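Participant: Dropping the structure in here first, questions after.
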Amino acid sequence: MLSVCTDILPDLIDEIVSFDCKAHPIVRAVFKAIDAAIARGKSSAEPLVSSLSEVLLTYADQCGVIRKNSKGLGLAVSYIASHFSEEISVETLSALCGYHEKYFIRLFSEVFGRSPYQYLIHYRLNRSCYLLKAGVSVTETSYACGYKDAKSFCRAFHRMFGITPGTYGSSKWIVP
């Protein structure tokens with residue numbers, strides 16, 4: 001079963017902190033606690049998830065592992081994670097972070113190693129892997145991940161992973 005915290009969030013957080021979230025015991029324990037809270041139901045999860053998120057942020061800040069300039073860019077990364085299925089412009093992301101567009105693109109590229117557009121594409125395609133493995137059709141996955149049509153989604157997926165989405169969904173490959 002796909003777990004939001006132990007399967008998806010560590011990849012997102014790895015973009016912000018400079019240590020391997022999946023290998024770090026304290027962070028792994030926080031993710032497991034959040035997963036358990038979510039499994040118990042929404043009403044019991046909200047306060048615990050909020051508290052554990054604060055613990056994680058405080059711990060990362062005290063350890064000095066938050067990547068340079070990522071505190072402001074974290075807003076953009078969070079926005080992408082919440083709105084990846086929508087059309088997202090650099091103008092929106094830069095305004096959210098309070099930067100001029102050109103400076104935002106340069107800073108984002110320095111910190112994350114790819115442009116905001118490349119980051120969005122990468123994020124969408126990684127999310128699509130989870131949907132495909134859950135049995136969602138290629139067409140539904142393409143729309144759910146912000147693509148206007150299945151053909152462009154299939155091209156992008158094949159370019160990134162070297163396999164078609166249909167083949168990936170029915171294979172035993174693990175999420176890249």
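Since every read-out is calculated from the coordinates, none of them should be taken as a lab result. These figures come from a predicted structure and were not determined experimentally. Because the Cβ atoms are built from the backbone with ideal geometry, glycine has one as well, and the counts that use them run over all protein chains shown.
Participant: Using 7 Å Cα-to-Cβ label points, what is the His83/Tyr143 separation (nm, one decimal)?
Facilitator: For the pair His83/Tyr143, the computed spacing is 2.2 nm.
Participant: Just want to confirm a number: the relative contact order over segment 69-176, from Cα pairs under 8 angstrom separated by 6+ residues, in percent.
Facilitator: Relative contact order of segment 69-176: 24 percent.
Participant: Filter the GluC sites (Glu not before Pro) in segment 86-154 to those in DSSP coil with at most 13 other Cβ atoms within 10 Å of their Cβ, and list the result.
Facilitator: Glu86, Glu87
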